[in-house]
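Worksheet: the structure to be examined is printed underneath.
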Amino acid sequence: MILILAGAGARFGTGHVERMRILKGLLEARGHSVSLRLTDEPEAERGRHGDSLIVFDARDSACDVGERVIAVDNRSSIRAGNTSIVFHDTLPHPEVAMDVALNQCLMDPALLTLERRTEDKASILVYSGQEAPPELAVEGKVFQVGRDRMLGAIGANRLDRTAFLERLAASRVLVSYFGMTVLEAMFLGIPTVTYSIGSTVHDTLSALLEKETNVRFYRKSQKAGQEIFDLTYTKRPSGQGFQILIDLIERYL
């Protein structure tokens, strides 16, 4: 039995739930019995699930919740020196080699068959969760090219997942904060500009991507010009992340 524990609710957002739902479906397609449990208190699950293999995806919450645990992107204090829990990294981090993170990054399988369909070579997609950052959502403010046209400022609840991925694939440039949407754009080869949302963690990761992959990290003192449309990445996600995680899970069953 495989139990997936995913952080949910306001404390964790929606990303953990979405990628663990995908994982559940992929594992079931391979004939495994899988249960997905959503929780806003993952620490309270400790000792409740017997000898089930637990896939734990709840940020940096204490992940010592069972006898057999694979903790995804978890950097809790118990990680140092811990040999009983398998820690699996799928996101860029200063302590993880970029090649490893991008190879293990959990790309939505829908992206693997999605083709870029850019209808307007100057179209820009601004993605900022609930609302667009005003300093970036004004035509010509960041991109000093008069013919630029905003394809849309998309909030988290404006489009369903399929429609959003299609919109992303039709964009020439993505403007967003560090997160999975940026990594998805990288996978599709879409030039990307990240910006600060006032989070030290997000700023650190944006700067790391800029240094190692050529994603542009926008600072308020800077302007991005025509060259952004011709940006190419030095490294991109492989698209093999879910298969790598599934192989790991199957080794521990």
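Every number here is computed from the coordinates shown, using simple stated rules; none is lab data. From a predicted model like this one, the values you see are computed outputs, not experimental measurements. Here the Cβ is made from the backbone with ideal geometry for all residues, glycine too, and neighbour counts use every protein chain on show.
Sum up the charges of everything whose Cβ sits under 11 Å from the Cβ of Ala110, counting Lys and Arg as +1 and Asp and Glu as -1, but leave Ala110 out.
Neighbour charge sum, excluding Ala110 itself: -2.
Taking the simple approach of a point 7 Å from Cα along Cα-to-Cβ for both Met180 and Ile22, what is their distance in nm?
Label at Met180, label at Ile22, 0.6 nm between them.
What's the center-to-center distance, using Cα atoms, between the range 1-18 and the range 50-93 in Å?
What the calculation gives is 13 Å, centre to centre.
Per-residue HN-Hα couplings for the range 109-114, Karplus 6.51 cos²θ - 1.76 cosθ + 1.60 at θ = phi - 60°, whole Hz, x for Gly and Pro?
Once θ is set to phi - 60°, the couplings for the range 109-114 become x, 4, 6, 5, 10, 8 Hz.
Just add up the charged neighbours of Arg75: K/R +1, D/E -1, any other residue whose Cβ is under 11 Å from the Cβ of Arg75.
Combined, the nearby Lys, Arg, Asp and Glu give -2.
What is the order of Asp57, Asp203, fewest Cβ neighbours within 10 Å to most?
Asp203, Asp57
Give me the distance in nm between label points sitting 7 Å out from Cα along the Cα-to-Cβ direction at Arg46 and Thr162, one decimal.
4.3 nm
By counting other Cβ atoms within 10 Å of each Cβ, how are Met180, Met1, Met107 ranked from fewest to most?
Listing Met180, Met1, Met107 from fewest to most nearby Cβ atoms yields Met1, Met180, Met107.
Tyr177's amide H: which non-local residues (gap 5+, or another chain) put their own amide H closer than 5 Å, with H modeled 1.01 Å from N in plane and none for Pro or chain starts?
Tyr195
Under a point spin-label approximation (7 Å from Cα along Cα-to-Cβ), what is the Thr234-Thr200 distance to one decimal in nm?
Each label point lies 7 Å from its Cα, and together they span 2.6 nm.
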